[in-house]
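As structure tokens, the structure follows; a few thoughts come after it.
The values are calculated or read from the model by the stated rules, or taken from the named source; none is laboratory data. Just so we're clear, the structure is a prediction, and the values are computed from it rather than from any experiment. We place every Cβ from the backbone using ideal geometry, glycine too, and count neighbours over all the protein chains shown. The protein model used for the area step is the full one, side chains on, heavy atoms only, and it has no ligands, DNA or RNA in it. Shrake-Rupley method; radii C 1.70, N 1.55, O 1.52, S 1.80 Å.
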Amino acid sequence: YHVGSKNEVPGRTGFAHLFEHLMFEGSAHHDKGYFHPLQEAGALLNGSTNADRTNYWEVVPTSAFELALWMESDRMAHLLPALTPAKFDNQREVVLNERRQNYENRPYGLATMATVAALFPPDHPYSWLTIGSADDLRASTLDEARTFFETFYHPGNASLAIAGDIHAEEALDLVNAYFGDVPAGPDVGPVRRDCQLAGPVRLLHEDRVELPRLYLAWHSPAMFAPGDAELDLIADVLTNGKNSRLYHSLVYTRRIATEVAAFQNSRELASFFQVIVTAAPGHTLAELEQVVIEEVASLAATGPTEAELERSLAQAEAQFVYRLQTVGGFGGKSDQLNAYTVFLGEPGYFDRDLARYQQTSLASLRDHVQRYLVTDRRVTLSVVPRGSTELAIAGSAPVVVR
């Protein structure tokens with residue numbers, strides 16, 4: 001389903017992820033847990049939600065293919081008659097507990113919340129995480145949930161991908177039999193929001209942690225946009241492997257950090273590039289920041305080496321192959337078909353997606369570092385042990401994360 005937390009509004013966040021849970025609680029013609037009948041048939045199944053989409057998948061024996069279609073179509077067309085106040089309240093509590101476990105009570109768990117809230121304005125749908133606000137979840141009502149479902153969970157906003165030991169014509173006949181009479185639903189228009197930082201933002205968060213950690217984040221090109229692949233490769237050059245620039249400098253040579261990672265967080269409306277470094281005992285975040293800035297500046301000045309680009313391209317190509325080793329699940333052929341369909345309207349985009357990486361050059365990587373990462377328009381978050389604010393970057397403003 002082409003719905004994620006970006007389709008929510010301030011004050012009512014967390015609905016997309018909540019529905020990932022509710023969709024497993026039974027529908028009108030199977031008002032029981034969704035897992036049991038499919039698992040009894042030998043299936044694996046699960047789902048996930050992010051900012052831009054919600055996916056559900058089943059990997060089933062061929063003999064259970066029709067059962068999977070029936071159950072998917074029933075919860076698409078007939079979920080609401082079975083959605084009771086008790087189910088809604090129960091799953092809302094499950095999500096609130098998940099939020100406590102994965103964010104509130106986990107070391108550094110609130111850092112990403114603080115980062116995105118600083119990167120994006122309050123009315124931008126990427127300014128909150130998919131889990132949503134605890135206050136918003138508690139304030140949500142069953143009627144609001146019903147409206148959210150009617151708006152987004154229908155054939156007009158869905159993509160169905162099938163891969164495996166099937167005959168295409170027979171499979172399509174079954175799809176038409178189970179889904180053909182489900183109303184298309186209302187048109188779901190695209191979400192459009194602008195975002196930019198006028199200058200540097202420095203934040204400080206005290207947490208129940210032993211070692212301070214530094215988060216640096218910059219705005220970057222949207223998923224599949226020009227520059228997205230380049231920044232993905234740049235992240236690899238900086239932190240993937242013991243010979244990567246930041247790992248070698250921070251962890252191996254100077255030993256002022258215990259770990260470092262970089263990511264191009266690709267999203268549909270806008271992305272952000274992030275570097276995360278954990279300080280070694282006895283070292284401050286200012287030391288780490290200085291090294292990161294120096295290494296990024298060096299990459300902007302000269303670009304990566306031929307060997308670095310070759311290694312990063314090999315990693316990227318390997319990941320493409322790994323994703324095609326299974327027919328489904330998290331990754332796999334059906335997941336790739338669905339992703340390309342939802343975001344690009346082109347299920348056969350695989351070759352062109354890989355070509356985005358293969359067509360990069362030393363100069364293009366250097367240019368994108370210069371354009372996106374050298375700027376001081378970034379969010380710098382210091383997460384430090386409680387009572388140790390002296391370890392943070394100077395000039396950081398305390399931030400409270402809820």
Notebook entry, point to check: Does segment 69-108 come out rounded, prolate or oblate, given a ≥ b ≥ c as the square roots of the eigenvalues of its C-alpha gyration tensor, rounded meaning a/c under 1.5 and, failing that, prolate meaning a/b above b/c?
Noted result: oblate
Check: By a straight-distance test (C-alpha under 21 Å), which lysines pair with residue 32 as possible cross-link partners, with residues fewer than eight away in the same chain excluded?
Finding: 87
Next item on the list: Over the chain, with every protein chain in place, what whole percent of the accessible area is carbon and sulfur at 1.4 Å, could you tell me?
Entry: 50 percent
Note to self: At a 10 angstrom cut-off on C-beta neighbours, averaged per residue, how do the peptides 163-174, 110-121, 391-402 rank from highest to lowest?
What the structure shows: 110-121, 391-402, 163-174
Notebook entry, point to check: Helix 85-99 sits at what angle to the longest principal axis of the chain, using alpha carbons and giving 0 to 90 degrees rounded to 10?
Noted result: 20 degrees
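According to the square roots a ≥ b ≥ c of the eigenvalues of the Cα gyration tensor, what is the shape class of segment 297-402, taking rounded for a/c under 1.5, prolate for a/b larger than b/c otherwise, and oblate for the remainder?
oblate
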Check: For the chain, what is the calculated [θ] at 222 nm in deg cm²/dmol (nearest 500), taking -39500 (n - 2.57) for each run of four or more DSSP H residues and dividing by its residue count?
Finding: -12000 deg cm²/dmol
Next item on the list: Give the long-range amide H neighbours of residue 220: residues separated by 5 or more places, or on another chain, with amide H under 5 Å away, using H modelled in the peptide plane at 1.01 Å from N.
Entry: 271, 272, 273
Check: Angle between the Cα long axis of helix 306-322 and the longest principal axis of the chain, 0 to 90 degrees, nearest 10?
Finding: 20 degrees
Next item on the list: Compute the separation of the alpha-carbon centres of segment 268-320 and segment 14-91 and state it in Å as a whole number.
Entry: 40 Å
Next item on the list: State the extension gain, in nm to one decimal, for the chain segment bounded by residue 253 and residue 314, taking 0.36 nm per residue of separation less the distance between their alpha-carbons.
Entry: 19.4 nm
Check: Arranged from highest to lowest average of other beta-carbon atoms within 10 Å per residue, in what order do the peptides 220-227, 375-382 appear?
Finding: 375-382, 220-227
Next item on the list: Could you pull out every one of the aspartates and glutamates with an alpha carbon less than 14 Å from that of residue 242, ignoring same-chain neighbours closer than 8 positions?
Entry: 259, 308
Next item on the list: Would you mind working out the magnitude of the charge dipole of segment 64-209 relative to its Cα centre, with +1 at each Lys and Arg C-beta and -1 at each Asp and Glu C-beta, to the nearest 20 Debye?
Entry: 840 debye
Note to self: I'm spelling it out carefully: the read-out is Cα extents along the principal axes in Å, the candidates are [x] 62, 46, 37; [y] 69, 43, 41; [z] 57, 52, 43, and one was derived from this structure. Which label?
What the structure shows: [x]
Next item on the list: Compute the acute angle (0 to 90°) between the alpha-carbon long axis of helix 285-302 and the principal axis of greatest extent of the alpha-carbon atoms of the chain; round to the nearest 10°.
Entry: 90 degrees
Item checked: Residue (of 384, 271, 65) at the positive-pole extreme of the chain, dipole from beta-carbon charges -> 384
Item checked: Rounded accessible area per residue of segment 251-397, 1.4 Å, Å² -> 48 Å²
Item checked: Global geometry of segment 87-137, whether rounded, prolate or oblate, following the gyration tensor of its Cα atoms and the 1.5 cut on a/c -> oblate
Notebook entry, point to check: So how do 308-319, 232-243 stack up, highest first, on mean other-Cβ count within 10 Å?
Noted result: 232-243, 308-319
Check: Under the definition of Cα pairs under 8 Å and six or more residues apart, what whole-number percent is the relative contact order of the chain?
Finding: 20 percent
Margin query: As an exercise, use a Förster radius of 25 Å and the Cβ-Cβ distance of residue 326 and residue 169 to find the FRET efficiency, rounded to the nearest 0.05.
Written below: 0.55
Note to self: Once you keep just the Cα pairs under 8 angstrom separated by 6 or more residues, what percentage relative contact order results for segment 252-402?
What the structure shows: 23 percent
